[in-house]
Amino acid sequence: MIKRWNILSDSGEDARKLAESLGVSEVLARLLWNRNIRTTDAARVFLDPEHRQEFYDPFLMTGMQAAVDRIAAAISSGEHITIYGDYDVDGMTASSLLYHCLRFLGVAAENVRIYIPDRFQEGYGFNAKALTKLAETTDLLVSVDCGISCAEEVAGTRGKMDIVVTDHHLPGKELPSCVAVVNPHQAGDAYPDKNLAGVGVAFKLCDALSRTLAEKPWNQGLELVALGTVADVVPLTGENRKIVRMGLHRMMETKNAGLKALIAVAENGAKRISSEAVGFHLAPRLNAAGRLKSAMLGVRLLTTDDAAEAAELATYLDELNRERQSVEHAIFEKAEEQLAGTDMAELPAIVLAGEGWHPGVIGIVASRLVEKYYKPTILLSIDGDIAKGSCRSIEHLHMHDALAACKAHLLKFGGHAQAAGLSLATKDIEAFRQAFCDYAAAHLTPDDYVPTADVEFEMHPASVTEALVDEIARLEPYGEGNPLPLFGVRDVRGENARAIGGEGQHLKFAIRKKFQSVDMLWWSHGRLASLVNTEPMDIVYRPAINEWQGRRFVQGFVDSVRPAASAQIFPDRDILVGIYKFLLAKQNTKEKIALDPWKLTQDYSRIMHERIPLYTMKAGLQIFSELHILVASLDEEQYHIQIPKTKLDLEASETWSKRKS
């Protein structure tokens with residue numbers, strides 16, 4: 001997918017001065033500046049949080065003292081404690097962390113248990129039926145990563161058991177009336193860092209308990225805190241950065257039997273684990289438990305001391321993750337089938353529904369469709385009279401606002417700007433689809449459908465040294481609020497481009513600057529080898545070190561490619577005639593007119609014996625589509641030409657009419 005470049009601010013002389021004061025390269029200083037880290041002291045803390053940043057006092061959080069007092073009393077008198085968590089990785093790690101802390105503080109195994117609600121039968125947060133059942137044997141319930149929005153459910157337990165709520169989600173108008181509410185987002189809360197994940201708040205509770213009962217800070221289980229923090233995609237700045245940095249360092253030497261087994265099945269043989277490895281390899285295996293079976297499988301893994309049991313559970317979660325991938329692939333294919341025959345250029349948003357689509361997986365599929373088509377996407381799983389959906393948006397459409405505008409067709413909805421969930425009556429799906437698409441059409445412009453790549457600044461890969469890559473790595477861990485740095489290089493040509501991988505699905509090529517050549521890897525684009533060898537390109541990439549047979553050398557991983565300015569030739573009338581003749585010739589000879597403009601560009605050279613740039617071909621295809629001469633058929637994965645009966649009016653094409661703007 002071609003992306004528009006967003007070049008981040010030019011720090012200029014300021015970055016040079018910052019580099020001098022820190023004793024680092026100007027490249028690293030510019031990256032710090034782009035992350036709004038613009039003083040020497042702030043930069044030193046950011047680059048070395050383990051040693052230069054202290055953990056904040058947990059008792060700064062409103063409700064922490066009351067929570068500690070009640071839990072301490074329960075421990076002293078041997079009361080039964082239930083930890084009530086959420087079914088995602090944040091909830092699993094938070095529940096497991098608090099369990100380990102209570103056991104460390106002397107709570108007998110029979111006096112503490114973890115309860116995670118069923119994702120499909122009970123949903124997120126407290127539910128009255130579960131609380132009523134738990135109250136039969138529980139004296140004190142402590143929530144982690146949930147409960148802040150459950151004032152009504154908490155009120156229903158009054159007189160049956162005590163409740164302490166710890167959470168990190170935004171509070172509603174009414175807080176639960178209970179022993180204590182610990183959440184840095186409460187009005188008037190003095191805790192300095194509001195970005196903690198649920199497991200981060202649980203960590204602060206453990207710290208407060210340990211300081212009170214063991215007379216020392218709590219510094220155990222940071223691996224679990226890092227795992228949950230990365231998985232929940234909270235900003236990796238401030239205290240979260242210190243947590244994740246320290247936790248990642250400990251992961252390879254963790255004493256947690258379950259985490260050790262999980263790392264083993266994820267086949268992470270690296271010397272260290274990065275935030276990317278957590279997000280792409282460890283977290284999905286835990287999430288598979290909550291998506292397909294029960295999140296308690298993940299909790300059991302993270303709380304067991306038995307290496308054999310841990311290995312068995314980790315293997316099972318690995319199998320579940322493979323099953324999740326299979327289910328995801330099947331739903332994705334069914335979604336594509338529903339889109340077959342649709343003119344995607346005319347579709348303002350995607351709303352698809354399927355009987356029996358797995359509700360634990362449709363959110364992932366929605367994300368894949370957004371990645372492919374860059375349109376707001378909602379997938380609905382139909383179960384009888386009710387459909388439940390997962391929503392994913394693009395940058396310029398606030399999903400929660402869009403759903404609020406369509407609430408007349410919904411039973412329930414909630415979420416954020418980029419992701420949300422909903423439920424509605426099956427009979428109302430069509431009305432909702434129309435309302436949502438109308439909202440998207442009214443609030444999005446054509447430019448909003450073009451994804452953006454945030455480019456730190458322009459730097460040729462041949463200018464990158466091993467030492468510079470190692471220095472840039474001081475910015476890790478990457479995540480929300482601290483994105484992985486991407487750089488741009490303009491007007492370069494590929495050399496020796498070739499497809500690699502078992503099925504030739506990936507692309508490897510080199511780009512050169514004078515006498516120095518750098519290898520570039522572009523995942524899932526092996527089919528573009530011949531084009532990369534011939535067309536000038538603008539490339540967005542990230543530099544990395546490749547270690548092979550004892551050698552280290554710089555290589556680049558491609559994020560996106562667009563035609564260079566020299567190749568952005570808008571088709572005139574003569575070129576359009578040539579493209580039309582080319583397409584008609586293919587159709588007349590029964591040769592498939594592929595939907596892929598990259599392939600059509602290559603075919604044009606073969607058939608017409610001359611080259612045109614990819615940009616020119618894409619513009620021509622767009623013009624003919626807008627004139628309804630060219631019709632896309634997704635089910636056949638090809639275009640069909642409808643020969644016009646009257647003379648064409650090119651001005652009827654929006655793309656053509658805007659060519660001079």
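Per DSSP H run of n ≥ 4, the term is -39500 (n - 2.57); total these for the chain, divide by its residue number, and report the mean residue ellipticity at 222 nm rounded to 500 deg cm²/dmol.
-12000 deg cm²/dmol
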If N is the residue count of the chain, its Cα Rg over 2.2 N^0.38 Å rounds to 1.07
Identify all lysines with a Cα-Cα distance to LYS133 below 26 Å; exclude those on the same chain that are fewer than 8 residues away in sequence.
LYS160, LYS293, LYS412
With all protein chains present, the chain has a carbon and sulfur share of its accessible area (1.4 Å probe) in percent of 50 percent
Under the Karplus curve 6.51 cos²θ - 1.76 cosθ + 1.60, θ = phi - 60°, whole-Hz ³J(HN,Hα) for the range 160-165, x wherever Gly or Pro sits
9, 7, 7, 9, 10, 9
Tensor-based shape of the range 142-215 (alpha-carbon gyration tensor, a/c under 1.5 rounded, otherwise prolate or oblate)
oblate
Given an 8 Å cut-off on Cα distances and at least 6 residues of separation, report the relative contact order of the chain as a percent.
10 percent
Could you tell me which helices of the chain pass both thresholds, a Cα extent of 30 Å or more along their own axis and a mean Kyte-Doolittle hydropathy of at least -1.0, with helices taken as whole DSSP H runs?
307-339
For Cα pairs less than 8 Å apart in space and 6+ apart in sequence, what is the mean separation divided by the residue count of the range 288-430, i.e. the relative contact order in percent?
16 percent
Nearest-0.05 FRET efficiency for ASN127 and GLU636, computed from C-beta distance (R0 51 Å)
0.60
The range 446-488-the range 30-51 distance, computed between alpha-carbon centres (Å)
16 Å
Globularity ratio of the range 539-639, using Cα Rg and 2.2 N^0.38 Å:
1.42
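Going down the list LYS514/LYS599; LYS590/LYS645; LYS204/LYS388, which pairs span over 26 Å between their C-alpha atoms?
LYS514/LYS599; LYS204/LYS388
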Mean Cβ-within-10 Å packing, highest first, puts peptides 499-506, 62-69 in the order 62-69, 499-506
With only alpha-carbon atoms counted, please give the Rg and Dmax of the range 446-535, in Å.
15.2, 42
Using alpha carbons only, what's the Rg to Rh ratio of the range 523-597 with Rh from Kirkwood?
1.15
Over 20 Å, how big is the tail of the calculated P(r) for the range 1-131, in percent of all Cα pairs?
68 percent
Order these peptides, 195-207, 522-534, by their mean beta-carbon neighbour count within 10 angstrom, highest first.
195-207, 522-534
Which ³J(HN,Hα) values, rounded to whole Hz and listed in residue order, are derived for the range 382-398 from phi using the Karplus coefficients 6.51, -1.76 and 1.60 in 6.51 cos²θ - 1.76 cosθ + 1.60 with θ = phi - 60°, glycine and proline given as x?
8, 10, x, 7, 10, 10, 10, x, 10, 10, 9, 10, 10, 3, 9, 10, 7
Output needed: Cys residues of the chain lacking any neighbouring Cys C-beta below 4.7 Å, sorted by number.
CYS146, CYS150, CYS178, CYS391, CYS406, CYS437
Pulled fully out, how much extra length does the chain show between ASP306 and ILE607, if you take 0.36 nm times their separation in residues and subtract their Cα-Cα distance?
101.7 nm
So in the chain, what percent of DSSP beta bridges are antiparallel if you round to the nearest 5?
65 percent
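Express the relative contact order of the range 1-155 as a whole percentage, based on alpha carbon pairs under 8 Å and six or more residues apart in sequence.
Computed over the range 1-155, the figure is 20 percent.
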If you roll a 1.4 Å probe over the heavy atoms of the protein chains, what accessible area per residue do you get for the chain, in Å²?
46 Å²
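The values are calculated or read from the model by the stated rules, or taken from the named source; none is laboratory data. Worth saying up front: this structure is predicted, and the values here are computed from it rather than measured. All Cβ positions, even for glycine, are placed from backbone atoms using ideal geometry, and neighbour counts span all protein chains on display. Surface accessibility is based on the protein's heavy atoms, side chains included, excluding ligands, DNA and RNA. Shrake-Rupley method; radii C 1.70, N 1.55, O 1.52, S 1.80 Å.
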